[in-house]
Amino acid sequence: MDFGTRLFRTALLGLAGNRAARALSQKYGLKLGASRFVAGETMDDAIAQAKRLNAAGITVTLDYLGESIGSMEEAAESEQAYHALLASIHREGIQGNVSLKPTQFGLAIDRDGCRSGIRSVVKEAARLGLFVRLDMEDSPWTEATINLVRELHAEGCCNVGTVIQAYLYRSELDIHQLTAEGINLRLVKGAYKEPRKLAFDSKRVVDANFRRLIAARLDSRVYTAIATHDEAIIRYTKSYARTRGIPRTAFEFQMLYGIRTPLQLALAKEGYTVRSYVPFGRSWYPYFVRRLAERPANLTFIMRSIFTR
Ligand code: FDA
């Protein structure tokens, strides 16, 4: 990554945690251009988009946005929102599941309370035949998130999985352990600002590690989601699976709502399972900023859409 891009990314990711900027974003709703990446502010908006994607052969994971909450009352609201979301997915016959962030359930405030809220969502999802993915946030939460998923699995909840980030040095070991326990994983490059003592800094090295992790998981045949918009990585996955005789039922591709939609449709047409990550809710600001940081060109797109309205 060149110096300018690194500076841009660091500045934007710093803004993701800024409370004043977050409050301002809520005031202006999705008008700042975030609607390109966010399905809407309500559950009905998300369900409508999920139906549209399902009709095009794309399955979904719905994410009620909210992270780093300030109280366990807010955690209880997240829990209720996820119960309502599961009921709606089931009632509307959506081909999809849910993703949630552990800090949205109070991981930073009360670990036992967080565990019990997430457990209740996972159990309800199991009752409805649905799957729950715990997204991976920044490194202070890696260990606790992995442990939470391992505990739930050990309790017999097999409908829960998490995410492993290729930029972290620790990920190879984590994959080894989680694969041995048969845990469903999503593999990503990683979206947060991490210190050099924990994470690879160079895109080339992250990409190489991502390929290594993909190969290890495909060889294991434990169900894996390859979540990327990087066509080189997608080509690598397809070719690795083909040459090793790994069935398409052992993995799926995932991409974010609003990003590379034609590629999502093309993969689905080829017969791969493709899942679109569909975020919704009023707390869209940090999610939106991470999407801008991933690709400087997005900022130009957003500025253009603001000034040409
Ligand atoms: P890379 O950044 O190299 O991008 C490859 C190409 O894809 C770019 O050249 C561009 O064309 C396109 N692209 C990528 N990002 C774009 C954007 N924002 N806007 C427009 N085009 C873009 N991270 C995390 O830390 N924890 C998590 O739980 C998750 N969960 C998750 C779920 C799903 C379904 C996806 C797809 C991604 C995540 N991520 C994540 C984010 C992930 O870590 C990573 O930041 C992004 O996917 C961008 O990396 P790529 O693999 O797409 O490659």
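Every number here is computed from the coordinates shown, using simple stated rules; none is lab data. What you see is a predicted model; the values in this text were computed from it and never measured. Quick reminder, even Gly has a Cβ in these numbers, built from the backbone with ideal geometry, and neighbours come from all protein chains shown.
Residues whose amide H falls under 5 Å from that of ARG221, counting only those 5 or more places apart or on a different chain, are absent, with hydrogens built in the peptide plane.
Rounded to the nearest Å, what's the spacing between the alpha carbon centres of region 99-134 and region 136-156? Just the number, please. Going from one Cα centre to the other spans 11 Å.
Per-residue 3J(HN,Hα) values for region 204-213, derived from phi via the Karplus relation 6.51 cos²θ - 1.76 cosθ + 1.60 with θ = phi - 60°, read 4, 6, 4, 4, 5, 5, 4, 4, 4, 5 Hz in sequence order (x marks Gly and Pro).
Residue-normalised convex hull volume from the C-alpha trace of region 38-283: 116 Å³ per residue. The GluC sites (Glu not before Pro) of region 198-281 that meet both conditions, a loop assignment by DSSP and at most 11 other Cβ atoms within 10 Å of the site Cβ, are GLU270.
Rounded to the nearest 0.05, the FRET efficiency derived from the C-beta distance between ARG211 and LYS51 at R0 = 25 Å is 0.10. Compute the separation of the alpha-carbon centres of region 48-68 and region 173-219 and state it in Å as a whole number. The two parts, judged by their Cα centres, are 25 Å apart. Among the lysines of the chain, pairs that are 8 or more positions apart or on different chains and have alpha carbons within less than 26 Å of each other number 18.
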